[in-house]
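The values are calculated or read from the model by the stated rules, or taken from the named source; none is laboratory data. Just so it is clear, the structure is predicted and the values come from calculations on it, not from any experiment. All Cβ positions, glycine included, derive from the backbone under ideal geometry; neighbour counts span all protein chains shown. For the accessible areas, the whole protein counts, side chains as well, though only heavy atoms, and no ligand, DNA or RNA atoms are used. Shrake-Rupley method; radii C 1.70, N 1.55, O 1.52, S 1.80 Å.
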Amino acid sequence: MRPCLLYVGTGDGIFVFRVSGKELELIGRGIEGNAVRGIAVHPEDSKIAYVACGLRGWGLYRTQDAGRSWELLGFKDRWCWDVVLHPNNPKRLYVGTEPPMLYISRDGGHTFQACEGIEELPSRKAWKFFYAPFYGGHIHGIALHSKRPERIFAGVEHGALIYSYDHGKTWQEALVGHDLHRIALDPTNPDRVFAGTGEGLFISDDAGQTWRAVPKLKDKYVHGIYFDPHAVLYIYVAEAGSPLYRSDDGGRSFVSIGKGLPEGGPADSVSLHPEQPEVLFYGGEVRERRGQLFVSLDGGESFEPFGEELPKIWRLRAGSYAGN
């Protein structure tokens with residue numbers, strides 16, 4: 001396995017590891033006391049990463065030295081549930097929060113502008129989540145495509161899938177009433193949108209306007225969706241015994257993989273190696289509020305644990321390693 005950086009977001013801050021072979025070297029640690037809900041790694045310099053914290057903790061943070069130091073960029077009075085970088089311009093950030101709003105920064109996180117059109121969506125008043133003080137639902141699962149970056153897709157937990165075709169100026173909604181989690185776009189076709197929900201996996205072939213359920217995953221608690229560059233698709237489902245599924249035909253059929261892996265609850269704890277997509281990292285809950293990393297070298301056919309136990313793992317993201 002080629003070396004890479006692995007950002008591990010937990011219920012007690014973030015760990016940054018250098019992965020070499022099956023060895024983990026801890027090189028960064030921070031934001032203790034915060035639960036990590038989103039991670040975005042800079043595509044050109046993986047020492048730079050943005051981390052969203054919420055529910056337990058607050059705010060959006062940035063590291064520029066692979067986790068050795070961190071700075072708060074803002075949102076100290078809001079829960080941040082996701083952060084995503086524009087696929088063609090890493091200075092542009094998208095942040096989903098609770099109270100539910102999507103914010104866009106065009107200057108690397110120095111300033112943010114709210115997508116106020118979201119407040120006008122018909123289902124907006126019905127969005128909700130379980131916890132004080134907001135009880136308002138939150139926006140996460142933000143997805144963009146390099147070929148159609150003017151389109152923005154995001155999930156509202158709980159409430160709807162929302163999308164914009166004009167860089168966030170105006171908004172539409174679909175799957176109203178569903179418990180939306182992660183959203184992903186087919187790397188070979190920007191019109192194919194995948195939505196993970198508490199009721200299963202849904203697919204749109206027309207950029208969000210119409211949807212169909214995937215029978216194989218009906219009523220499963222789908223929380224993670226991951227494409228490799230060749231459109232091999234991995235799905236994480238919060239169920240014991242076999243929490244991962246793989247599709248080699250773009251979501252037309254699925255096989256169960258990862259037999260025996262512990263589930264991770266409502267997490268987004270899978271990441272593909274940035275240079276070797278057959279290498280998968282997974283984080284599961286091995287006992288209450290304690291996590292364990294696993295690695296697969298064969299596209300998910302087999303996994304083995306690596307590293308020591310960590311706090312509960314919520315998010316994983318890998319980036320290329322260039323030394324230092």
Is the C-alpha gyration tensor of region 114-260 telling us rounded, prolate or oblate? Criteria: a/c under 1.5 is rounded; beyond that, a/b larger than b/c is prolate, otherwise oblate. oblate
Rounded to the nearest whole Å², what accessible area per residue is found for region 1-141 with the 1.4 Å probe? 41 Å²
Could you give the length gained by full extension between ALA132 and SER242, i.e. 0.36 nm per residue of separation minus their alpha carbon distance, to one decimal place? 36.3 nm
The set of residues whose placed amide H lies less than 5 Å from the amide H of GLY208, leaving out same-chain residues fewer than 5 positions away, is VAL193
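What shape does the chain have by the C-alpha gyration tensor, where a ≥ b ≥ c are the square roots of the eigenvalues, rounded means a/c under 1.5, and otherwise prolate means a/b greater than b/c and oblate the rest? Mind dumping the intermediate values first?
Details: a/c = 1.42, a/b = 1.14, b/c = 1.24.
Judged from the Cα gyration tensor, the chain comes out rounded (a/c under 1.5).
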A chain fully extended from GLU304 to ARG148 at 0.36 nm per residue, minus the present Cα-Cα distance, gains in nm 52.4 nm
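What percentage of the solvent-accessible surface of region 181-304, computed with a 1.4 Å probe over protein heavy atoms, is contributed by carbon and sulfur atoms?
On the way: 2250 of 4770 Å².
That fraction is 47 percent.
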Roughly how big is region 1-77's charge dipole about its Cα centre, with Cβ charges of +1 (Lys, Arg) and -1 (Asp, Glu), in debye to the nearest 20? 120 debye
Measuring from its Cα centre, region 62-168 shows a charge dipole (+1 at each Lys and Arg Cβ, -1 at each Asp and Glu Cβ) which, in debye to the nearest 20, is 200 debye
So what does TYR282 come to for accessible area, using a 1.4 Å probe and Å² rounded to 10? 0 Å²
Can you give me the long-range amide H partners of GLY54? Hydrogens built in the peptide plane at 1.01 Å from N, cutoff under 5 Å, separation of 5 or more residues or another chain. ALA35, ARG37, CYS80
Order the following by accessible area, largest value first: GLU71, GLU120. Probe radius 1.4 Å; ligands, DNA and RNA are ignored. GLU120, GLU71
Stretched fully, the stretch from GLN172 through ARG287 gains (0.36 nm per residue minus C-alpha distance, one decimal, in nm) 37.3 nm
Suppose every K and R has +1 on its Cβ and every D and E has -1 on its Cβ; what is the size of the dipole of the chain about the Cα centre, in Debye to the nearest 20? 360 debye
Using protein chains only and a probe of 1.4 angstrom, how many square angstrom of ASP298 are accessible, to the nearest 10? 70 Å²
How big is the accessible area of ARG212 in square angstrom, nearest 10, if you roll a 1.4 angstrom probe over the protein chains? 100 Å²
Rank these by accessible area, largest first, 1.4 Å probe: VAL176, VAL237. VAL176, VAL237
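Can you compute the equivalent ellipsoid semi-axes for region 203-313, i.e. the square root of 5 times each eigenvalue of the Cα gyration tensor, sorted largest first and rounded to whole Å? Don't jump to the answer; show the numbers that get you there.
Working: eigenvalues 118, 53, 28 Å².
Values for region 203-313, descending: 24, 16, 12 Å.
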For region 1-125, what class follows from the C-alpha gyration tensor (a ≥ b ≥ c being the square roots of its eigenvalues): rounded when a/c is under 1.5, otherwise prolate if a/b is larger than b/c, else oblate? prolate
Calculated FRET efficiency, GLU116 and ASP77, Cβ-Cβ r, R0 22 Å, to nearest 0.05? 0.75
